[in-house]
Every structure is written in C-alpha cells, then in structure tokens.
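Peer 1: Handing you this structure, nothing more for now.
The values are calculated or read from the model by the stated rules, or taken from the named source; none is laboratory data. Note that the structure is a prediction, hence the values are computed from the model and not measured. Cβ: placed from backbone, ideal geometry, glycine included. Neighbour counts: every protein chain shown.
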Amino acid sequence: MREVISVHIGQAGVQIGNSCWELYCLEHGISPNGTVKEEGVNIAEAAFGTFFSTTGAGKYVPRAVFADLESTVVDEIRTGPYRQLFHPDQLITGKEDAANNYARGHYTVGKEQVDNVLDKVRKLAENCTSMQGFFIFRSFGGGTGSGFASLLMERLSVDYGKKSKLEFSIYPAPQVATAVVEPYNTILTTHTTLEHSDCAFMMDNEAIYEICRSNLDVERPSYTNLNRIISQVVSSVTASLRFDGSLNVDLTEFQTNLVPYPRIHFPLVTYAPIMSAEKAFHEQISIGDITTACFEPKNQMVKCDPRHGKYMACCLLYRGDVVPKDVTAAIANIKTKRSIQFVDWCPTGFKVGINNQAPSCVPGGDLAKVTRSVCMLSNTTAIAEAWARLDHKFDLMYAKRAFVHWYVGEGMEEGEFTEAREDLAALEKDYEEVGADSNDQEEDDGEEY
C-alpha cells in the first residue's frame, strides 16, 4: 500500500481539510463515525487504504493531522458532525495563535508545538507499510500557515528526507486580503519552503469567489462554498491514489510530469465543470466541452492569464464516464488552437489520467452532480504574474519598513526579508528564462556556421 499522510495547518488548512475529508467519506461510502455503510462496501474495497487506516474494530480513520496554534477552528471539528471520524490525538492545538505573523509561527509560538505535531506524524508514519509522501494544506498569508508550516516542512525534510511533499496552498488574492501583512508572510514562507516542497498547487480565494459568483450564482460566497470547490479539486488530484483506475497516476508521477526544474514547481489548477444544479439539468457536458473549459482563464484557481505565458507541461485528470477515444479527440482539438503555446524545448505532450469513479457531491452543496469531470494541472510561465504582483506589494511596504518591527520583535532579523525577496526575484527570473525560446540564446553563436 502506498499511503499518504495529510497535514492540515492553520485555519485555512483545517477548514479545507474538513471539506476534503467530508468528500472522501462520501466517495468511499464511509459514514461520519468511520464505519462503512453497508451498501458502500464494493466502493470501499478500492485502494482507499492510502488515505484511511483501519482499526481492529473495523472503523476507518483518516491518515491526517490537524494542527493550529489556537483552538477555535479545530474545536469546530471536535464538536462537528465528523468528530467521531478522527482520533482525538490527530487534532492538535496550541494556546495562542500566530497573529498573522510569520515570525511567531516559525520562531516563537511554533517552536513549542512543532515536536508535538511531528510526534503525531511519526505515529501515523509508523502505521504505514510504505508511505509515499505528505500532502500539506495551508495558506500563505496567515501566520500559522506561513510560519509554522515552513518550520514543519523543514523538519519533515530532515526526518523523512526522500518522501515527496505536495502542498495545496491558498495564495493571497489580488483584491481581497484578510491581512495587511500577507505579502510579507507569503514571500518569507515561499523562500523557506522552496527547497522543501516538491510541488505546490496554488489556489487563490478571489479566483474561486469569481467561480462561485459566475458559475454557481452564489451572490456572497462563504468559506464553505470556496472550500467545497477546493475539495473537489483535491479529490480529483488524489482520486488516482484512492481508486483503482484504468490510467492511474502516482504521487511521484505528478512531479515527474509537471516539474521540469526543482524550483519551478507551482502548477496552475483548473477544474471543470463547475455548475449549479439548475444549470446542469439543461446542459450536456461532453468531454470536449470540459476539456476546452480547462483552458479558459475563468475556470482557473489562480488569477493569471495563461495566454500571456507558455505551457511547460500539462496533466489532465479525468474522472467518471470517460473513454480514451474521446479524450484523444478532445486533446487533438486543443492542439489545433493557436492560443495555447508550449515552450519550444518541450514536446506538446499531455499526461492523461482516467478514473472511472464519477465525482461525488456533498448533499445540500451548490455543485451539481455530474457524470464526468476533469482537473487540469499545468505548469505555465504565466503563474509568474502572481509572484510579480505579490513582490510589488512587498516592495511597497518594505520600502517604508512598515510592520517590520512585529517580525523583528519575535526574533527575526531584517536580513531575512531581503534574502527572501532576492530569492523570489530569482524565481521570477527563472520563470522568465524558462519561457524564453531556446533559439534566442543560440542566435549569438550562430554566425560561424
């Protein structure tokens, strides 16, 4: 069995985790107290031991740790409908929060909690026969998500060196910010975790707000609405690990196909179809339609325009009623469109995964029940726009040294800010170079021939 351990950190990580496990349970026919519903046995026999462990009493327990430096959000799980699903030791909380401050999460408050969390992770890891890696859920903008998560990832690299770490991160949205210091936290944490994370799927709240507004007609989306969309995406990415599919994709396969250089590991996530039940009733969702929808900016989880960038790699993960013949036709159709540009040093290959398990939906949620869906993971140079936007905000504040004293007061040094900012400048440069045509550099040497 190739098990995966999920680590949910901070408010965002914990709330997304809540939605994800709710969906996993629905998909595998597991009731909120961890027992298998009788009629769901045939589904449950599939490969979902990667995400759940079984107790002697036949109860299923998620291989997950929820950690936050303060307790309100985790308390919602402790009292919520899924309280019997998790082992109480898996829900770890501290006494005081990181107060949106990377330095508190990484240095002062986080230091006290990190051994406790690692201890619980070790117990889960010992319970695995051959663990393949970690999924880490967190936000870049919060203090716990940025500071504590990066501390934890450094320690995980030490303890489980070769195991891959994939993260689902909430990236600060361009317009809606929950904290003024988000740019600081994001840039500090990205710098710290660049070499500790193998692949980071970014989502931004604003992009998902727009999806809720335009596709689901939800006027004022709540975090629950957002998290249910995010959990569908996470479910699509992990479906191949949890079900036996015709074309299965392993954790390491994601990396091999999506990450051309170790630093360029921020794929763009797109999901289709996202539609409300009223609309789905009148629409025919063909494989061609949902595949084309993946290349439309309005279905992306991060605000950026891939038409301005070039694709380096592309993974299409289908699930439900999908046959390879239709997929091939849909992809051939996409390749004829000139708007989708690949870098010239990379063949226009699409890695395809097909899973026969149809997507489930949460009863009473906004998403319609559909027969098939697709999640596209693409590594495109356009995502550098997102970094550039954030770096600009960082520069505006840092030029005046605004809010820096909060970080220095918690034991950080100002040098770390400049170091992190330089690292991100280098990251932007990396993206620029990758997108440049290889013949641009060769023209200078071309005169002799």
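Peer 1: Among the listed residues V117, V121, V109, which satisfies the condition of being over 23 Å from A47 (Cβ atoms), of a type in the set (A, V, I, L, M) and modelled with pLDDT of 95 or more? Step through it out loud before you land on a result.
Peer 2: Working: V121 fails: over 23 Å from A47 (Cβ atoms); V109 fails: modelled with pLDDT of 95 or more.
After applying the criteria, what remains is V117.
Peer 1: Answer with yes or no whether V176 is of a type in the set (A, V, I, L, M, F, W, C), closer than 26 Å to W387 by Cβ, in contact (Cβ under 8 Å) with a residue 24 or more places away in the chain and in contact with an Asp or Glu (Cβ under 7 Å, 6 or more places away or on another chain).
Peer 2: Yes, satisfied.
Peer 1: Among the numbered conditions (1) of a type outside the set (A, V, I, L, M, F, W, C); (2) in a helix (DSSP H, G or I); (3) within 21 Å of the chain's Cα centre (by Cα); (4) closer than 25 Å to A368 by Cβ, tell me where Y271 comes up short.
Peer 2: Evaluating Y271 over (1) of a type outside the set (A, V, I, L, M, F, W, C); (2) in a helix (DSSP H, G or I); (3) within 21 Å of the chain's Cα centre (by Cα); (4) closer than 25 Å to A368 by Cβ leaves (2) as the failure.
Peer 1: Tell me whether segment 250-260 contains one or more residues that are hydroxyl-bearing (S, T, Y), without any contact (Cβ under 8 Å) to a residue 24 or more places away in the chain and not in a loop (DSSP other than H, G, I, E, B). Full working, then the answer.
Peer 2: Taking segment 250-260 first, the residues hydroxyl-bearing (S, T, Y) are 252, 256.
Remaining after also requiring without any contact (Cβ under 8 Å) to a residue 24 or more places away in the chain: 256.
If we keep only those that are not in a loop (DSSP other than H, G, I, E, B) as well, we get 256.
Yes, the conditions are met somewhere in segment 250-260.
Peer 1: Would you confirm whether any residue within segment 320-332 is surrounded by fewer than 19 Cβ atoms within 10 Å (Cβ to Cβ) and farther than 17 Å from R372 by Cβ?
Peer 2: Among the residues of segment 320-332, at least one is surrounded by fewer than 19 Cβ atoms within 10 Å (Cβ to Cβ) and farther than 17 Å from R372 by Cβ, which makes the answer yes.
Peer 1: Applying the selection to segment 158-173, what residues are more than 19 Å from the chain's Cα centre (by Cα) and touching a residue at least 24 places away in the same chain (Cβ under 8 Å)?
Peer 2: Within segment 158-173, D159, Y160 qualify.
Peer 1: Among (1) closer than 29 Å to I30 by Cβ; (2) among the hydrophobic types (A, V, I, L, M, F, W, C); (3) part of a strand (DSSP E or B), there is one condition V370 misses while meeting the rest; what is its number?
Peer 2: Answer for V370: the failing condition is (3).
Peer 1: Only strands (runs of 3 or more DSSP E) wholly contained in segment 1-107 count here; list those with 1 or more residues that are in contact with a His (Cβ under 6 Å, 6 or more places away or on another chain) and aromatic (F, W, Y).
Peer 2: Hits in segment 1-107: 64-68.
Peer 1: Can you say whether G141 is over 29 Å from G49 (Cβ atoms) and out of contact with any Phe, Trp or Tyr (no Cβ under 6 Å at 6 or more places or on another chain), as far as the supplied structure shows?
Peer 2: For G141, the condition - over 29 Å from G49 (Cβ atoms) and out of contact with any Phe, Trp or Tyr (no Cβ under 6 Å at 6 or more places or on another chain) - is met.
Peer 1: Of everything in segment 150-174, what is of a type in the set (A, V, I, L, M, F, W, C) and in contact with a Phe, Trp or Tyr (Cβ under 9 Å, 6 or more places away or on another chain)? Give them in sequence order.
Peer 2: Going residue by residue through segment 150-174, those that are of a type in the set (A, V, I, L, M, F, W, C) are 151-153, 156, 158, 166, 168, 170, 173.
Correct list: L151, M153, L156, L166, F168, I170, A173.
Peer 1: So the check is Cβ under 7 Å with 6+ separation or different chains; which pairs have a first residue in segment 301-312 that's in the same structural domain as A207 (by the TED database) and part of a loop (DSSP other than H, G, I, E, B) and a second one that's surrounded by fewer than 22 Cβ atoms within 10 Å (Cβ to Cβ) and of a type in the set (S, T, N, Q)?
Peer 2: K310/Q341
Peer 1: Any residue that is in contact with a helix residue (DSSP H, G or I) (Cβ under 8 Å, 6 or more places away or on another chain), more than 22 Å from R122 (Cβ to Cβ) and part of a helix (DSSP H, G or I) - is there at least one of those in segment 162-181?
Peer 2: No, segment 162-181 contains no residue that is in contact with a helix residue (DSSP H, G or I) (Cβ under 8 Å, 6 or more places away or on another chain), more than 22 Å from R122 (Cβ to Cβ) and part of a helix (DSSP H, G or I).
Peer 1: Of everything in segment 119-135, what is surrounded by fewer than 19 Cβ atoms within 10 Å (Cβ to Cβ) and either under 21 Å from E413 (Cβ atoms) or under 21 Å from the mean Cα position of the chain (by Cα) (or both)? Give them in sequence order.
Peer 2: Q132, the sole residue that qualifies.
Peer 1: Something else: Condition first: in contact with a Phe, Trp or Tyr (Cβ under 9 Å, 6 or more places away or on another chain) and more than 16 Å from F66 (Cβ to Cβ). Now tell me which residues in segment 126-138 satisfy that. Let's see the steps before the verdict.
Peer 2: Taking segment 126-138 as the starting set, the residues that turn out to be in contact with a Phe, Trp or Tyr (Cβ under 9 Å, 6 or more places away or on another chain) are 131, 133-138.
Residues satisfying the conditions are M131, G133.
Peer 1: Show the residue pairs meeting these rules: Cβ distance below 8 Å; 6+ apart or different chains; first residue within segment 117-138 and more than 11 Å from R63 (Cα to Cα) and in the same structural domain as F51 (by the TED database); second residue basic (K, R) and part of a helix (DSSP H, G or I).
Peer 2: Correct list of pairs: L118/R155.
Conditions tested, residue by residue: (1) farther than 28 Å from D391 by Cα; (2) in a strand (DSSP E or B); (3) under 12 Å from the mean Cα position of the chain (by Cα).
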{"residue": "T186", "(1), (2), (3)": "no, no, no"}
{"residue": "H191", "(1), (2), (3)": "no, no, no"}
{"residue": "M203", "(1), (2), (3)": "no, yes, yes"}
{"residue": "N227", "(1), (2), (3)": "no, no, yes"}
{"residue": "S231", "(1), (2), (3)": "yes, no, yes"}
{"residue": "L241", "(1), (2), (3)": "yes, no, no"}
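Peer 1: So, one more: Could you tell me how many of the residues in segment 423-445 are at pLDDT below 90 and of a type in the set (G, A, S)?
Peer 2: 3
Peer 1: Is it the case that S71 is of a type in the set (S, T, Y) and within 15 Å of S6 (Cα to Cα)?
Peer 2: In short, no.
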